[in-house]
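Structure record follows, encoded as structure tokens.
The values are calculated or read from the model by the stated rules, or taken from the named source; none is laboratory data. Worth saying up front: this structure is predicted, and the values here are computed from it rather than measured. Note that we place each Cβ from the backbone using ideal geometry, even for glycine, and neighbour counts take in every protein chain shown.
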Amino acid sequence: MNTLNRSTVSANTYTERIIQFGEGNFLRAFANWMIHEMNKKAGFDAGVVVIQPINQGLIKMLNDQDGLYTLYLNGIKNGQALSEHEVIDCIQRGINPYENYDAYLALADNPHLRFAISNTTEAGISYNENDRLNDAPPSSYPAKLTALLYKRFQAFGGASDKGMIIIPCELIDRNGDNLKRIILQYASDWSLGDEFVAWINEDNIFCNTLVDRIVPGYPKDKMEAITKELGYKDNLVVEGEQFHLWVIEGPESVKEEFPAGVCGLNVVFTDNMEPYRTRKVRILNGAHTTLVPVSYLYGIDRVRESLEDKVVGTFLKDALFNNICPTLDLPEEELSQFSADVLDRFRNPYLEHELMSISLNSISKYKTRVLPSVLEFIKRKKQLPSHLLFSLAALIAFYKGDRNGTPIVLKDDQAVLDFFKNVWDNHNFGEVVQKTLANKSFWGMDLTEIDGLQEEVAMHLETILNKGMKTALEDFIK
């Protein structure tokens, strides 16, 4: 059987306009798929040159397949479960700078180069004081990019139209701002001159981004069936969910040059991404954290099964639409659509998301993902968010470490585990609630100071302990 490459399947060739740092599953299932769509539907004519950001990587395998790979998108689309696949052909070649640094630097001379995209993990956008301009290559991603930009600056005499639009996808807050800050630090360390610094500041655009798509990656367990279905060998098959979101914070000109909108892609161009970050954390992550202790104590093990259960599914929807969405400032239509998309993602029949895998460090997750909604709801509505407080009571019960007589393997910081073992071993449920809510190391504040909150959480916890979660939840949603 033939291996996938440009001699075994028909594929397009595009002008090399994008340099991409990172060849992993996420970028290939996310950014490269979108570039592929823009090439097909908007005449983008953007070929990608992929750079291997660390010494070990997949560039040889990528080049062996001429940059081609098969993407499977599995999930809920327009209300229906759908699995579809396609060969992605936007990647033209890959370069390993650890083996051929000259080929990497030669990219700076390409007059068509316009975009730089990256996903080098959260640790990738970091400063290494030992990196030098004459290293071949420097170790850090920002240093590699600085070296390329400096060579481009020299090659084109600092021409303003040869700057780049830089779109990092690393999962750190304000990734573009941080990347630019480190590049300017290297410019200073390496004495690259005021004119280069001015060119970086004035002629290069650093975007902050938020990315969202679940990418399980290479489907090792399914490859025998996939290979039979495809009729060729593909060592770079990647799976992703149907849902995708790319929020890009930058000037209006980025939207004009990056034609995602005309292709129907879920790409938001904005001058302020913070509302979208807040929306994701509160709705997507907050819904997960709200769900876990309730559904797990109810007797369910997976996210999808939680949504399929009438009682648990109703609880989560009500929490989402009645307690969380009212705390956010985006238009109601946007919030409703995003929430509906989240619920569809939770129902994805192609993904089995274990509740216990989400339960890791649930106390800190409740603080960052759910508590802000609790506090904002109280501020805006002058009342308590009952569903989120029921979840908080369930969370305290969860840390008792027992599900219907079966021990729960709790995973959290040792200090958290020690605290709950102590309070559950030595106090009644009312004291457990008081001590938990008053623990400022958990919440950053004393929650017992909020009128009525301690009493409501205690009421729910008492019901859960006395009647069991099934009866308690059924009574709650009536």
Quickly run through segment 425-447 and pick out the residues that are surrounded by 18 or more Cβ atoms within 10 Å (Cβ to Cβ) and farther than 20 Å from VAL374 by Cβ.
PHE429
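Residues checked against (1) at pLDDT 95 or above; (2) among the aromatic types (Phe, Trp, Tyr); (3) within 16 Å of PHE206 (Cα to Cα); (4) in contact with a helix residue (DSSP H, G or I) (Cβ under 9 Å, 6 or more places away or on another chain):
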| residue | (1), (2), (3), (4) |
| --- | --- |
| THR70 | yes, no, no, yes |
| GLU86 | yes, no, no, yes |
| ILE91 | yes, no, no, yes |
| ILE117 | yes, no, yes, yes |
| ILE125 | no, no, yes, yes |
| ILE167 | yes, no, yes, yes |
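Of everything in segment 321-355, what is aliphatic (A, V, I, L, M) and either in contact with a strand residue (DSSP E or B) (Cβ under 8 Å, 6 or more places away or on another chain) or within 21 Å of VAL215 (Cβ to Cβ) (or both)? Give them in sequence order. Walk me through how you get there before you give the answer.
Filtering segment 321-355 down to residues aliphatic (A, V, I, L, M) leaves 324, 328, 330, 335, 340, 342-343, 351, 355.
VAL342, LEU343, LEU351, LEU355, listed by residue number.
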Of the residues that make up segment 370-380, is at least one in contact with a Leu (Cβ under 9 Å, 6 or more places away or on another chain) and surrounded by fewer than 17 Cβ atoms within 10 Å (Cβ to Cβ)?
no
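If I filter segment 132-139 for residues that are hydroxyl-bearing (Ser, Thr, Tyr) and either outside the structural domain of ASN32 (by TED's automatic domain parsing) or under 16 Å from GLN52 (Cα atoms) (or both), do I get at least one hit?
Within segment 132-139, the first condition is being hydroxyl-bearing (Ser, Thr, Tyr), and the residues that meet it are 139.
Subsequent filtering for residues that are either outside the structural domain of ASN32 (by TED's automatic domain parsing) or under 16 Å from GLN52 (Cα atoms) (or both) retains 139.
Within segment 132-139, one or more residues are hydroxyl-bearing (Ser, Thr, Tyr) and either outside the structural domain of ASN32 (by TED's automatic domain parsing) or under 16 Å from GLN52 (Cα atoms) (or both).
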Can you tell me which residue within segment 313-338, out of those that are crowded, with 18+ Cβ neighbours inside 10 Å and out of contact with any Leu (no Cβ under 7 Å at 6 or more places or on another chain), is farthest from VAL374 (Cα to Cα)?
PHE338
SER118 passes all but one of (1) under 23 Å from SER191 (Cα atoms); (2) crowded, with 23+ Cβ neighbours inside 10 Å; (3) in contact (Cβ under 8 Å) with a residue 60 or more places away in the chain; (4) not β-branched (Val, Ile, Thr); which number fails?
(1)
Hits in segment 185-210 - residues which are buried (at least 17 other Cβ atoms within 10 Å of the Cβ) and closer than 17 Å to ALA116 by Cα:
TRP199, ILE200, ASN204, ILE205, PHE206, CYS207, ASN208, THR209, LEU210
Only one of ASN272, ASN322, ASN348 is out of contact with any Lys or Arg (no Cβ under 9 Å at 6 or more places or on another chain) and outside any helix (DSSP H, G or I). Can you tell me which?
ASN272
Please return the ranges of strands (runs of 3 or more DSSP E) entirely within segment 1-105 where 2 or more residues are over 30 Å from ASP344 (Cβ atoms) and among the hydrophobic types (A, V, I, L, M, F, W, C).
16-21, 47-51
Quick one: SER386 ticks every box in (1) surrounded by fewer than 13 Cβ atoms within 10 Å (Cβ to Cβ); (2) more than 21 Å from SER364 (Cβ to Cβ); (3) within 29 Å of the chain's Cα centre (by Cα) bar one, so which box is it?
(1)
Somewhere in segment 270-280, is a residue under 22 Å from TYR350 (Cβ atoms) and in the same structural domain as ARG114 (by TED's automatic domain parsing)?
no
Based on this model, can you work out whether VAL247 counts as among the aliphatic types (A, V, I, L, M), modelled with pLDDT of 95 or more and closer than 21 Å to ASP329 by Cα?
yes
Could you tell me whether segment 338-351 includes any residue that is of a type outside the set (Ser, Thr, Tyr), in contact with a Phe, Trp or Tyr (Cβ under 8 Å, 6 or more places away or on another chain) and under 23 Å from TYR218 (Cα atoms)?
yes
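To keep it simple, each residue is scored yes or no on (1) β-branched (Val, Ile, Thr); (2) assigned by TED's automatic domain parsing to the domain that holds GLN337.
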| site | (1), (2) |
| --- | --- |
| HIS244 | no, no |
| LYS255 | no, no |
| PRO259 | no, no |
| TYR298 | no, yes |
| VAL303 | yes, yes |
What's the number of the condition CYS263 fails, among (1) at pLDDT below 95; (2) surrounded by 17 or more Cβ atoms within 10 Å (Cβ to Cβ); (3) within 30 Å of ASN5 (Cβ to Cβ)?
(2)
For segment 80-99 the number of residues that are surrounded by 16 or more Cβ atoms within 10 Å (Cβ to Cβ) and without any contact (Cβ under 8 Å) to a residue 40 or more places away in the chain is 0
